[in-house]
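This report refers to the structure that appears directly beneath it.
Just so it is clear, none of the values below were taken in a lab; they were calculated from the coordinates. Remember, it's a predicted structure, so these values are computed and weren't measured experimentally. As a convention, Cβ positions derive from the backbone with ideal geometry for all residues, glycine included, and neighbour counts pool all protein chains shown.
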Amino acid sequence: MTIVCGIDLGSRSVKIAVMESSSEGLPPQLKRLERLDTIGFYREYGRKVQGKLAVDFKALGLPEVDCLVSTGYGRNTLEVAGGETIPELKAHVRGAIFQTGLKDFTLVDLGGQDSKIIAVKNGRMVDFQTNDKCAASSGRYLENMANVLGMTLEELGEHAADPVELNSTCAVFGESELIGKIVEGEPMPRLAAGVNETIVKRILPLLRSYTSDIIVFTGGVAHNKAVRELLREGTAKEVVVPREPQFNGAIGCAIYGFEELGEEED
């Protein structure tokens, strides 16, 4: 039995995927998924040792693993001790291929504070665009707007019809614009739909140069039902959401680990 752990050190949360392969010829199986608040993870389970992040896997209740691979926002500042670090794009492409079985698609990943769009052909990344300078098309933006509206993220994600037009392209100014619409008496369902529409409006121009008929949608924002619907309407393409969209990067790290151990075809 081979056990591999993939860690995605996100800006808002740390995702951990433990996978094992027990039979030759069979694909690895997910055994455990964990998501922890990033600050809490570093405070409770991590410490810096010789310039690297030493993770207390025993305290996390995780088993000893044969391979450890990490990626994510945090990899730019801390490399996980005892493991290999790979770029986010590579991790997310591998995770999406494993979860969907697709080899040709456009990957749209909207995370806590950044967004990634990746063209994948024949299982290989051929083009990409990333945005980590502004939170306006990320989960952080949705969290802030949901707070302004007094809604949960789940409630926000139920509204896609008849959206109020919101024009601000900045997350900070967007809050002020939304408050102005509330003062004008716009109904909450339209306001929520407008928030969801702004996410899609910001990424549609980036998708115009990508020709694939299939979009694989990952990241925490992929849990938002309304954004999925609006993305499908705005692109007129099939939108596929993997079973574990928020853990896609961590799963991709684990798959890369199996590849390095020679147990998964590249």
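Could you give the size of the charge dipole of the chain about its Cα centre, using +1 on the Cβ of each K and R and -1 on the Cβ of each D and E, expressed in debye and rounded to the nearest 20?
In total the dipole reaches around 420 debye.
Expressed as a whole percent, how much of the Cα-Cα distance distribution for region 136-248 exceeds 22 Å? Let's see the in-between values first.
Numbers: 1791 of 6328 pairs.
Value for region 136-248: 28 percent of Cα pairs lie more than 22 Å apart.
Output the antiparallel fraction of DSSP beta bridges having both residues in the chain, as a percent to the nearest 5.
Working: 33 of 49 bridges.
For the chain, the DSSP antiparallel bridge percentage is about 65.
From the Cα gyration tensor of region 1-133, with a ≥ b ≥ c the square roots of its eigenvalues, which class applies: rounded if a/c is under 1.5, or else prolate if a/b is larger than b/c, or else oblate? Walk me through the intermediate numbers first.
On the way: a/c = 2.07, a/b = 1.19, b/c = 1.75.
Since a/c reaches 1.5 but b/c is at least a/b, the shape of region 1-133 is classed as oblate.
In a Gaussian network model over the chain where Cα atoms closer than 10 Å are linked, find which of Tyr141, Tyr256, Tyr42 has the largest mean-square fluctuation.
Among Tyr141, Tyr256, Tyr42, the largest mean-square fluctuation in the Gaussian network model of the chain belongs to Tyr42.
Give me the compactness ratio for region 90-133, meaning the Cα radius of gyration over 2.2 N^0.38 Å. Write out the running numbers ahead of the final one.
Values: Rg = 10.2 Å, N = 44, 2.2 N^0.38 = 9.3 Å.
Ratio of Cα Rg to 2.2 N^0.38 Å: 1.10.
Between region 37-101 and region 204-259, what is the separation of their alpha carbon centroids in Å?
One Cα centre to the other: 22 Å.
On each of the three principal axes of the Cα atoms of the chain, give max minus min coordinate, whole Å, ordered largest first.
60, 41, 26
Please identify, among Leu206, Leu68, Leu142, the residue showing maximal mean-square fluctuation in a Gaussian network model of the chain using a 10 angstrom Cα cutoff.
Evaluated over the chain, the most mobile residue of the options is Leu206.
Give me the three principal axis extents of region 207-253 from the C-alpha atoms, as integers in angstrom, largest value leading.
29, 22, 13
Given an 8 Å cut-off on Cα distances and at least 6 residues of separation, report the relative contact order of the chain as a percent. Show your work: numbers first, answer last.
On the way: 552 pairs, mean separation 60.0, N = 266.
Contact order relative to length: 23 percent.
Within 10 Å, Cβ to Cβ, of Ile251, how many net charges do the neighbouring residues add up to if Lys/Arg are +1 and Asp/Glu are -1?
Details: positive: Lys15, Arg94, Arg243; negative: Asp8, Glu244.
Result for the local shell: +1.
How far apart, in nm, are the 7 Å Cα→Cβ label points at Glu175 and Thr2?
In this crude label model, Glu175 to Thr2 measures out at 4.8 nm.
Among Phe217, Phe128, Phe105, which one shows the highest mean-square fluctuation when the chain is modelled as a Gaussian network with alpha-carbon springs under 10 Å?
Fluctuation is largest for Phe128.
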